Every structure is written in C-alpha cells, then in structure tokens.
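*Asks:* Let me begin by handing over the structure; questions about it come next.
Read-outs throughout are calculated quantities, based only on the coordinates presented, and are distinct from any laboratory measurement. Keep in mind it's a predicted model, so treat the numbers as computed, not measured. Here the Cβ positions follow ideal geometry from the backbone for every residue, glycine too, while neighbour counts run over all protein chains shown.
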Amino acid sequence: MGRRGRSRHPAFDSRDQLLDARPDGELDLHGFGAVEARSAVRAFLESWRRRKAGAVVHIITGKGRGSAGGPVLRGLVKTLLQGELRALVAEWGLDDGEGGYRVRVR
C-alpha cells in the first residue's frame, strides 16, 4: 500500500501548544502487558476527566524495541484513543519523540 493510503497517527505540529505545555499528568506503560495497559489507560483518562476537563496528559508507550514480537502498546493505545475511549478524549497525537501520545481530555 502506498504512503497516502496508510492510516497515520495524528501528529502535533512542532508549534502546537500541546507539545510546548508541560503535561498535567503522565502515565508510563513500560512493563505493562496489553490487558494491564488497557485498564490503566482507561482509569487514567477517566480520573483526569473528573479532575480537570481539558487537561493535557502524556501516555508513554515506548517505541516497542524491547518487545519480542514487535511494538504492542503504541498500537493498543492508538486503537483505544480512536475507539472505546474516544468519548474521553478531545484531541490526541503522537508525541514528538514517537514514544507516546499527548492527549487532551474532554
């Protein structure tokens, strides 16, 4: 498939305020399995939504270099943000280091 047909992560522009702002919270998923990560991301976003609507949070997935079968968490989090957790998220994108996501909660 050509480059145009691929589904890409929304990426924040280098001038985007979401990248410049210090995140209100951070969730580091290093060492988590897929089932644990799914629950942790949901709880994290729900907690921030209750605490501070509009908060910018950072979800660290890593680049997946330590995974035997290839990256798991980055794709899982993308799927969650696009799907079942979409109602909790105002906007999101791959961070500039491509090892996580910046998310603005609703």
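*Asks:* What residues have an amide H closer than 5 Å to that of Glu91, excluding those fewer than 5 places away on the same chain, when H is modeled at 1.01 Å from N in the peptide plane?
*Replies:* Arg104
*Asks:* Quick one: putting +1 on the C-beta of Lys and Arg, -1 on the C-beta of Asp and Glu, what dipole do you get for the range 25-97 around its Cα centre, in Debye to the nearest 20? Walk me through the intermediate numbers first.
*Replies:* Working: 11 positive and 8 negative charges, 31 e Å.
The dipole magnitude comes to about 140 debye.
*Asks:* 7 Å from Cα along Cα→Cβ at both Asp96 and Ala43: what's the point-to-point distance in nm?
*Replies:* Modelled inter-label distance: 3.2 nm.
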